[in-house]
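Asker: Structure incoming, see below.
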Amino acid sequence: MTGYINSIQSLGAVDGPGIRFVVFMQGCNLRCAWCHNPESISFKPQIAFYENKCIGCGECKKERFTVEGCLGDARVLYGKEMTIEELLPLLLEDKDFYETSGGGVTLSGGECLCQADFCAELLKALKKEGINTAVDTCGFVSKEAIDKVLPYTDTFLYDIKAIDEDVHIKCTGQSNKIILENLKHIDSLGKKIEIRIPYVPEYNSDQIEKIAGVLRILKNIKAVKVLPYHNYAGSKYAALNMENTLPKILPTEEEIKNAEKMLVLC
């Protein structure tokens with residue numbers, strides 16, 4: 001079985017407990033205005049061109065040019081097809097770090113559960129090795145996709161962007177009904193959940209109190225994190241020849257602190 005992998009990152013410290021290896025899967029079915037990983041949106045591999053890195057070597061004009069031949073690393077391939085057999089040994093290289101730090105492997109994206117069959121098999125293989133697992137998801141997938149990975153997932157890192165449907169559509173282009181239903185489903189089965197809320201002024205800043213209200217009735221929320229929006233990804237949009245939809249206004253420290261106060265009792 002193969003899956004499309006955007007990138008892998010070792011020694012991660014923010015995507016679940018302990019030190020983690022993070023697998024970023026290719027492809028996402030939301031179009032968040034503030035997306036800071038636009039290179040992971042497409043379900044197909046794509047080549048980005050970072051013009052500022054180009055040294056004019058001319059390698060890209062050769063008939064049999066590959067991305068690896070770019071001497072200035074100006075061209076980058078996002079999206080690589082890999083088998084579980086190829087990926088698993090890489091993830092096990094840091095097993096000692098997982099064991100000493102309480103860490104493990106996190107599947108992220110894009111939206112990793114758009115490749116639910118691959119994720120389920122990879123997570124199953126990791127659990128056989130005694131590795132702690134986490135799935136970072138926006139929840140905009142079928143209940144069947146969630147159920148495929150449930151037996152092999154220790155923690156869900158679950159994004160909540162808005163409660164009001166019209167706000168969610170403005171933010172992401174899609175309704176949030178299935179997202180909220182899947183959250184309740186995961187909670188009802190007793191799985192550990194860490195809620196992650198991107199805070200984006202003028203998009204979802206009025207949704208925090210409503211999010212807090214929904215979370216208070218759930219039973220298995222182990223942590224709630226507010227993620228301040230940043231606009232560092234502008235160069236990626238240019239390199240991919242994509243429309244830059246990043247909002248102009250950044251959150252202040254005071255706004256983030258106020259949001260965290262609203263969520264403290266969740």
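Asker: Solvent-accessible area per residue for the chain at a 1.4 Å probe radius, Å²?
Answerer: On a per-residue basis, the chain sits at 50 Å².
Asker: Among the trypsin sites (Lys or Arg not before Pro) within the stretch 183-238, which fall in a DSSP loop and have no more than 16 other Cβ atoms within 10 Å of their own Cβ?
Answerer: R216, K219
Asker: Using Cα positions and a limit of under 19 Å, work out the lysines in reach of K127, with same-chain residues fewer than 8 apart set aside.
Answerer: Candidates past the 8-residue exclusion: K95, K148, K191, K192.
Asker: Students often forget the sequence filter, so: which aspartates and glutamates lie under 15 Å Cα-Cα from K248 once same-chain residues fewer than 8 apart are removed?
Answerer: Straight-distance partners of K248: E202.
Asker: Taking +1 at the Cβ of each Lys and Arg and -1 at the Cβ of each Asp and Glu, which of L227, L240, P201 sits farthest along the dipole of the stretch 185-249 towards its positive end, judged by Cα position relative to the Cα centre?
Answerer: L227
Asker: Let me ask another. Using the Karplus equation 6.51 cos²θ - 1.76 cosθ + 1.60 (θ = phi - 60°), what ³J(HN,Hα) coupling, rounded to whole Hz, does each residue of the stretch 168-179 give in order, writing x for Gly and Pro?
Answerer: 4, 5, 4, 6, 10, x, 9, 5, 9, 4, 5, 5
Asker: Relative contact order for the chain: what percent, with Cα pairs under 8 Å and sequence separation of 6 or more?
Answerer: Relative CO of the chain lands at 20 percent.
Asker: Over the chain, what percent of the accessible surface lies on carbon and sulfur atoms, probe 1.4 Å?
Answerer: Answer for the chain: carbon and sulfur cover 51 percent of the accessible area.
Asker: Under a straight-distance cross-link criterion of Cα-Cα below 25 Å, which lysines are reachable from K61, leaving out those fewer than 8 residues away in the same chain?
Answerer: Once the sequence-local lysines are set aside, what remains near K61 is K44, K53, K80, K236.
Asker: Name the most mobile residue of N241, N176, N204, meaning the one with the largest mean-square fluctuation, in a Gaussian network model of the chain with Cα contacts below 10 Å.
Answerer: Looking only at N241, N176, N204, the largest GNM fluctuation is found for N241.
Asker: Go through the stretch 190-266 and name the GluC sites (Glu not before Pro) that are in a DSSP coil and have 14 or fewer other Cβ atoms within 10 Å of their Cβ.
Answerer: E202, E243
Asker: Is it possible to state the helix-based mean residue ellipticity at 222 nm for the chain, with each DSSP H run of 4+ residues giving -39500 (n - 2.57), the sum divided by total residues, to the nearest 500 deg cm²/dmol? What is it?
Answerer: Estimated from H runs of four or more residues: -8500 deg cm²/dmol.
Asker: What residue among E121, E63, E81 shows peak mean-square fluctuation when the chain is described by a Gaussian network model with Cα springs under 10 Å?
Answerer: E63
Asker: Report the residue, chosen from D96, D136, D147, that carries the largest GNM mean-square fluctuation when the chain is represented by alpha-carbon nodes joined by springs under 10 Å.
Answerer: Comparing D96, D136, D147 in a Gaussian network model of the chain, the most mobile one is D96.
The values are calculated or read from the model by the stated rules, or taken from the named source; none is laboratory data. Treat the numbers as computed from the prediction; the structure is a model and nothing was measured. All Cβ positions, even for glycine, are placed from backbone atoms using ideal geometry, and neighbour counts span all protein chains on display. The accessibility values were calculated without ligands, DNA or RNA, using every heavy atom of the protein model including side chains. Shrake-Rupley method; radii C 1.70, N 1.55, O 1.52, S 1.80 Å.
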